[in-house]
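K.L.:
Before I ask anything, here is the structure I am working with.
Every read-out reported here was derived from the displayed coordinates using simple, explicitly stated rules and does not represent laboratory data. Computed from a predicted model, the values in this text were never measured in an experiment. Methodologically, a virtual Cβ is constructed for each residue, glycine included, from the backbone with ideal geometry; neighbour enumeration extends over all protein chains shown.
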Amino acid sequence: MNKKQKKERAQKVAEALRVIYPESVCALEYEGEPWKLMVMARLSAQCTDARVNIVSRSLFERFPTLDAMADGELSEIEELVRPCGLYRTKAESIKTACIIVRDKFGGRIPDNMDDLLSLPGVGRKIANLLLGDIYGKGGIVADTHCIRICGRLGMYPAEQKDPLKTEKIMSELIDVSEQSDFCHRIVQFGRDVCTARSPKCSECPISQLCEYSLSAKTPKNK
C-alpha cells in the first residue's frame, strides 16, 4: 500500500472502531485528575490496567493530592505500589515527578512534549496519553496493543514492533482530533478481539481491512 491507501484504510478502521466502541474511555480510572493519570500511567508499565486501578485506590486513599504524594515517605509509596512490579523504580519516579510538577510547574501537568519528557518515568507513550486525555492535543499512544494491531493491519512492517516508528506512522494516518479516542478503542479491541496470541479473525468486524487476516485467507501456491 502507498501512503494514500494506508490513510484511507486507517480512516476506515477508525470509523469501524467508533461504531464498535462509541464510548471511548481511558482504561485507567483516574477520576478526571491529571496528576493521577500521570501516576497510574507510570504504574502501568509491565502491569495490567486492571491491577493498576485496584492498587491505585489504596495509593490515592493514602496520598489523595499531588502535594501529599510529593511529600510522602518513599518506603510507604513503595509498599503500596509493590503489586504493580518494579515498585522501587516506579515509586521513586512517581514521587520525584510529583515534586517537579508541584515545584517547577505550579502543580499543573505540563501541556507540551518537551516538559513532559523532563519528568522522571515519563516517556513518549505516557506523554502522548497525557496530551490527548488532558489537553485534547492528540497523540498516538504506542502501547503493545497499538503496535501489534496496527502492524497486523498493514500500516507498517509488523515484525518491527518499534514504538517510535508506530507513533510517527500512525500520527500521519489518523487525524489529530481522532488520535486519543482511536488509541483507547484499539486497547479495548486488542483485549476483546485482536489478542496477542490468538486473534479472533473469524469474528473480527474489520478483518476485510486487515493484512494479517487477508493473508491468512489467501491460498498458498503449492
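K.L.:
Expressed as cubic angstrom per residue, what is the convex hull volume of the alpha carbon set of region 8-125?
P.N.:
On the way: hull volume 14.0 nm³, N = 118.
Cα convex hull per residue, to the nearest whole number: 119 Å³.
K.L.:
Give the calculated FRET efficiency between residue 105 and residue 1 to the nearest 0.05, with a Förster radius of 45 Å applied to their Cβ-Cβ distance. Don't jump to the answer; show the numbers that get you there.
P.N.:
Values: r = 42 Å, r/R0 = 0.93.
Result of the calculation: an efficiency of 0.60.
K.L.:
Moving to a separate point now. How many angstrom lie between the C-alpha centres of region 13-78 and region 96-150?
P.N.:
13
K.L.:
While we're looking at this one, here's another question. Quick check on my link table: of 137/168; 165/200; 95/165, which ones sit more than 20 Å apart, alpha carbon to alpha carbon?
P.N.:
165/200; 95/165
K.L.:
From the convex hull of the Cα coordinates of the chain, what is the mean projected area in square nanometres?
P.N.:
It is 13.0 nm².
K.L.:
Rounded to the nearest 500 deg cm²/dmol, what is the calculated helix-only ellipticity per residue at 222 nm for the chain, with -39500 (n - 2.57) per DSSP H run of length n ≥ 4?
P.N.:
Calculated mean residue ellipticity at 222 nm is -18500 deg cm²/dmol.
K.L.:
At 18 angstrom or more along the helix axis (alpha-carbon based) and mean Kyte-Doolittle of -1.0 or higher, what helices does the chain contain? Whole DSSP H runs only.
P.N.:
49-62, 87-104, 176-192
K.L.:
Using the eigenvalues of the Cα gyration tensor, what equivalent ellipsoid semi-axes result for region 1-65 when each is taken as the square root of five times the eigenvalue, whole Å, largest first?
P.N.:
Square roots of five times the eigenvalues give 34, 13, 10 Å.
K.L.:
Another one. What does the extension gain come out to for residue 168 and residue 15, with contour length at 0.36 nm per residue minus their alpha carbon separation?
P.N.:
Gain in length upon complete extension: 53.0 nm.
K.L.:
Normalising by the residue count of the chain, find the relative contact order in percent from Cα pairs under 8 Å and 6+ residues apart.
P.N.:
Reported relative contact order: 21 percent.
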